[in-house]
1. Run Y213 past the list (1) within 25 Å of T323 (Cα to Cα); (2) among the hydroxyl-bearing types (S, T, Y); (3) part of a helix (DSSP H, G or I) and report the number of the one that doesn't hold.
2. Just checking, which of Q379, Q390 is open to solvent by 40 Å² or more (accessible area, probe 1.4 Å), modelled with pLDDT under 95, more than 23 Å from F35 (Cα to Cα) and of a type in the set (S, T, N, Q)?
3. Look through region 349-372, keep the residues that are open to solvent by 10 Å² or more (accessible area, probe 1.4 Å) and in contact with a helix residue (DSSP H, G or I) (Cβ under 8 Å, 6 or more places away or on another chain), and return whichever of them is farthest from T323 (Cα to Cα).
4. Considering only residues that are in contact (Cβ under 8 Å) with a residue 12 or more places away in the chain, more than 19 Å from D274 (Cα to Cα) and surrounded by fewer than 20 Cβ atoms within 10 Å (Cβ to Cβ), which ones fall in region 196-225?
5. Which count do you get for residues in region 97-130 that are at pLDDT 80 or above and out of contact with any Cys (no Cβ under 8 Å at 6 or more places or on another chain)?
6. What are the residues in region 37-62 that are open to solvent by 50 Å² or more (accessible area, probe 1.4 Å) and either free of Cβ contacts under 8 Å to residues at least 12 places away in the same chain or in contact with an Asp or Glu (Cβ under 8 Å, 6 or more places away or on another chain) (or both), if any?
7. When you go through R59, R112, R73 one by one, which is the residue that is basic (K, R) and under 30 Å from F33 (Cα atoms)?
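The values are calculated or read from the model by the stated rules, or taken from the named source; none is laboratory data. Quantities reported herein were computed from a predicted structural model and do not represent experimental measurements. Note: ideal-geometry Cβ built from the backbone for every residue, glycine included; neighbour counts use all protein chains shown. To get the accessible areas, we keep the full protein, side chains included, count just its heavy atoms, and leave off ligands, DNA and RNA. Shrake-Rupley method; radii C 1.70, N 1.55, O 1.52, S 1.80 Å.
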Amino acid sequence: MTEEPGEDDAAPEVPAYPDLVERIVNLSKRRGFIFPSAEIYGGFRSTYDYGPLGVLMLRNVKDAWWRSMVQLRDDVVGIDAAILSTPKIWEASGHLDNFTDPLVDCRNCHERWRADKIDGTCPNCGSTDLTEPRAFNLMFKTYAGPVEEDATVAYLRPETAQGMFVNFLNVLTTTRKKPPFGIAQVGKSFRNEITPQNFVFRTREFEQMEMEYFVPPDEADRWFHYWLDERMRWYLDLGIPPAKLRLRHHDPDELSHYSAATADVEFLFPWGWDELEGIANRTDFDLKAHAAHSGERLEYFDQSTGERYVPYVIEPAAGATRTMMAFLLAAYDEDEVGGERRTVLHLDPRLAPYQVAVLPLSKKDELMPLSRQVLGLLQPVAVCDFDTTQSIGRRYRRQDEVGTPYCVTVDFDSLEDHSVTVRDRDTTDQVRVPIDAVAGEIAGRLHR
């Protein structure tokens, strides 16, 4: 393989903003990206609500993934499986026995930690007087029905993958696909993390973007490396700098019980390299396990050769919420425009919450009908903001701070020349564009 960006022998980058996470947390709260959940009640640890801008950006991240993984391909289809599921699924998949973290308690301050993350010392008080590690299952258990009895036990899914495995035959039959083909899904997952941390990077409720790609067993290695390249390319195409991205292959002793090979797409977070996405060769473990537990034959019959086989599975599995965080971190910058300091998010237009802001120069009555007309022309081609409060300079700065690529200003000259001013976020260049051409101008810029 060619050398990947962010190789280990590259010199470590000195962070431009040592407190970058804090800056992103503050910006997210101030501008409506992400709020602490239940804040009026003092909050609820490790849960977050996505505000008006956050919900737009998170949707854009998921849409960009779906476009790449499903819309632009003819070998991948989608599914949306249930969140609540029978224990039989998690028994077959191994989650009931193996989906655990080693848990220790500090005898001094009574805080609880993952043993493999603290090197024998309590991060809270520094004590080394810790209990022996014990296994802690990360799945959220609940009950379906009015009586809490074993017969009604259910689990919130800790991953979206198993819903695709148990629907393998349904998808195979209804779509008439044949290997290699994939099933993709975007949805919520839940893990009872011992130590949620780093804002939305590790939380108990999160969204995943996963795809299970079913292949003939003898083609698994080729497709594994194919998806490594494809997934790296996706992050780079959407604006992650190459120096902040790397591909790390798992050592044999850290592979999951089902994996023949796994590599992580890692991002250089302020606290160091950490995972955005894992790509794994899951072999035929999942289909065979569910076949054994369910009694169904989960296999593919090749009519051209008369051969039956259980496909191997290549799984690219990304976290939507932590990916959004990485894009925010990578896009954040501060510079100077006209002698004034500004904060700017250099987000790819495909990810920015708003692609365009329509800004009437004044709230006077004579400008508002024309401004609304311009807004109506732009809304079919872009997600728009309409901002009339404070000076035009302050409104430009506000749009820069939330990553809006283009501002369209309607001024008093617009009443005479039927043109508007289009401003570029990154260069701050401004050009005059006829109103009847502004939708085409913006659409052309967004899709170039």
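1. (3)
2. Q390
3. Per the criteria, the residue is E366.
4. P216, P217, E219, D221, H225
5. 13
6. Across region 37-62, the qualifying residues are E39, I40, Y41, G42, F44, V55, R59.
7. None of the other options fit; the residue is R59.
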